[in-house]
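One structure below.
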Amino acid sequence: MINGLQHVGIGVKNREKSFEFYNNALGFSIPISKHSGNCSGVIPIIDRDEIRNVIIALNPYGGAGIEIFQYTSKTPIPIPEEVDFSYNGFLFYGLKVKNIEKSLDVIEKYNGKIITRSNLFTPMKDYNWKTAVFRDIDGIYGILLEYPGNNVGYGNGHPKIGGVEYVAVGVSNIKESVEFYSGILGYDEVVFTYEGTCSEWDAMFGKGKKIRRTLLKRSKKPQGKFKHFLQGGMIELIEAEDNKGKHNYDGRKWGDIGFMEVCFDVSGIISTLASVTRMGAEIIVPPYEQNMGMNTSATFAYIKDPDGSKLEFADISSLPIPYFLIRMFMNPLFVNPFTKKIAKKLGIL
C-alpha cells in the first residue's frame, strides 16, 4: 500500500552545509536518519558501489521530509548549465508556508537565492493561492506555496515554513503521465488542469512560454507509521511547449547534484511492488534492506515513471525512538530550546 510522499531526495556538494541550510532556513529540524556508508543496494542505477553521507530530516509542521545526499567516494557532478525546465525529470519541490514574504527573508538570511517574490499562483488565483521561487545553496529549485487551510503555524504574523507539500515533474506526454501517477501511484484526484502562460514562473520556463499542467493529490487518507504528518502531498505534471525529450539527469547518476528522487512511504513493499508491476510499472531496483543510522531501518525499492524519473518506495521497519515521541517532537508547540536539548540527549537531533 502506498501511503503518500515520505521525502524528496537531493544530491548536494556538502551534507553538513546543506543540512545547516535546510535546518535553519527551511525548518527541517528533526533528523530521523544520519548515516555514512556504501550504496550497494542501488548499484543497478549507479553502476558501481559508492560511499555517501546522508541525512533524512522532518519538519515539525508536517509534510514530507528532505533527504540530503552527498557522495564522498567521488566528486558529485553538478547540474549542467544547459539543463533547463524544458527537460523531463523532477523540476522543483514545494513547501507549504504562512507569511510567504517573511519566509523569503528567512531563506535569504541563510544564503538561499530568491528568484521571485510572492505572486498569485495562476491556476488557483481565484482561491488565493500564492507562490514564490528560490534556489538552495546548491542551486536546486524550490517554491513556497501559501494557500488557505494549509495547516502551517500558529498565527501572530510570523513566518512559518512547513514540509514538502508539492513536487513538480517535467514530462513529455502529460496524458500518459497523468494515467501513470493516478492509476498506479494513487494520485487520483485532480486539483486543476491548466494550459497557458504563467508569469510567476517566467524565470524558470521562459517569458511567455506555454505549459500544460495537471496538479494531482490522493483521495485516500495516508496510512502507515507516518500517517499523522505525511498528508499525502501533491504532484504537478508539467509539459513545456519546447520539451526537449531529454531527462535532466542524462549523463549523470542518481545522487549527483540536483533533485534526484521522490520517495513514497509504503506498507508491505513486496505486495506493493506486485500491485504496481501488474499495472505496468517497471522495477529498476529490487527490494533491499538498509540501515540508515540512528536506529532507522527500512526496505527500499525503485520504479520509474514514463520518462525515466526515479521513484523510491520505503517500508520503514524501525525508527530512532518510539513513534509517539517523534510525534511529540514533530509538534511545533514542543519545538523549543528545552525540547531540542532533550532530543539531542536522546540522539535524535
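Computed from the coordinates by the stated procedures, all read-outs in this text should not be read as laboratory data. Note that the structure is a prediction, hence the values are computed from the model and not measured. Positions of Cβ are generated from backbone atoms using ideal geometry, with glycine treated the same way; all protein chains shown enter the neighbour counts.
Based only on other Cβ atoms within 10 Å, what is the fewest-to-most ordering of Trp254, Trp129?
Least crowded to most crowded, the residues run Trp129, Trp254.
Give the separation of the Cα centroids, region 42-89 to region 102-131, in Å.
24 Å
To the nearest 20 Debye, how big is the dipole of the chain about its Cα centre, given +1 on the beta carbon of each Lys and Arg and -1 on that of each Asp and Glu?
Approximately 1160 debye in magnitude.
Need one number: nm distance between label points at Glu195 and Asp47, each 7 Å from Cα along Cα→Cβ, rounded to one decimal.
3.9 nm
Once both labels are modelled 7 Å past Cα along the beta-carbon direction, what's the Lys304-Glu82 spacing in nm?
Simple spin-label model gives 2.1 nm for this pair.
Taking 0.36 nm per residue of separation and subtracting the Cα-Cα distance, what length does fully extending Glu16 through Ser267 add?
87.3 nm
Report, for the chain, the % of DSSP beta bridges that are antiparallel, rounded to 5.
Details: 71 of 90 bridges.
Bridges in the chain are about 80 percent antiparallel.
Once whole DSSP H runs in the chain are found, which of them have Cα atoms spread over 15 Å or more along the helix axis and a mean Kyte-Doolittle score of at least -1.0?
Values: long enough: none.
Result, helices passing both filters: zero.
How long is the gain from Thr277 to Glu176 if the chain were fully straight, where each residue apart is worth 0.36 nm and the alpha carbon distance is subtracted? Walk me through the numbers before you get to the answer.
On the way: separation 101, 0.36 × 101 = 36.36 nm, distance 1.63 nm.
So the extension gain works out to 34.7 nm.
Please compute the contact order of the chain in relative form: average sequence separation of alpha-carbon pairs under 8 Å and at least six residues apart, divided by the residue count, as a percent.
Relative contact order here is 24 percent.
So for Val171, Val106, fewest C-beta neighbours within 10 Å to most, what's the order?
Going from sparsest to densest Cβ surroundings: Val106, Val171.
Need one number: nm distance between label points at Ser40 and Lys207, each 7 Å from Cα along Cα→Cβ, rounded to one decimal.
Placing both labels 7 Å along Cα→Cβ, they lie 5.5 nm apart.
Helix-only mean residue ellipticity at 222 nm, the chain, DSSP H runs n ≥ 4 weighted -39,500 (n - 2.57), per residue, nearest 500. What is it?
-5000 deg cm²/dmol
Among Tyr71, Val83, Asn151, which residue has its Cα positioned farthest towards the positive end of the charge dipole of the chain, with +1 placed on the Cβ of Lys and Arg, -1 on the Cβ of Asp and Glu, and the dipole taken about the Cα centre?
Asn151
Under 15 Å from a point placed 7 Å out from the Cα of Gln223 along the Cα-to-Cβ direction: which residues of region 279-322 have their backbone N that close?
Counting only backbone N, you get 315-316.
Cut-off is 10 Å between beta-carbons; in what order do Leu5, Leu215 appear when sorted fewest neighbours first?
Details: Leu5 29, Leu215 21.
Least to most surrounded, the residues fall as Leu215, Leu5.
In the structure displayed, which of Lys175/Lys217; Lys96/Lys160; Lys74/Lys253; Lys246/Lys310; Lys210/Lys253; Lys130/Lys160 lie more than 18 Å apart, Cα to Cα? Walk me through the numbers on the way to the answer.
Working: Lys175/Lys217 16 Å; Lys96/Lys160 8 Å; Lys74/Lys253 11 Å; Lys246/Lys310 14 Å; Lys210/Lys253 30 Å; Lys130/Lys160 14 Å.
From Lys175/Lys217; Lys96/Lys160; Lys74/Lys253; Lys246/Lys310; Lys210/Lys253; Lys130/Lys160, over 18 Å: Lys210/Lys253.
Bin width 5 Å, origin at 0, all Cα-Cα pairs of region 106-165: what percent of pairs per bin?
4, 16, 24, 27, 19, 9, 1
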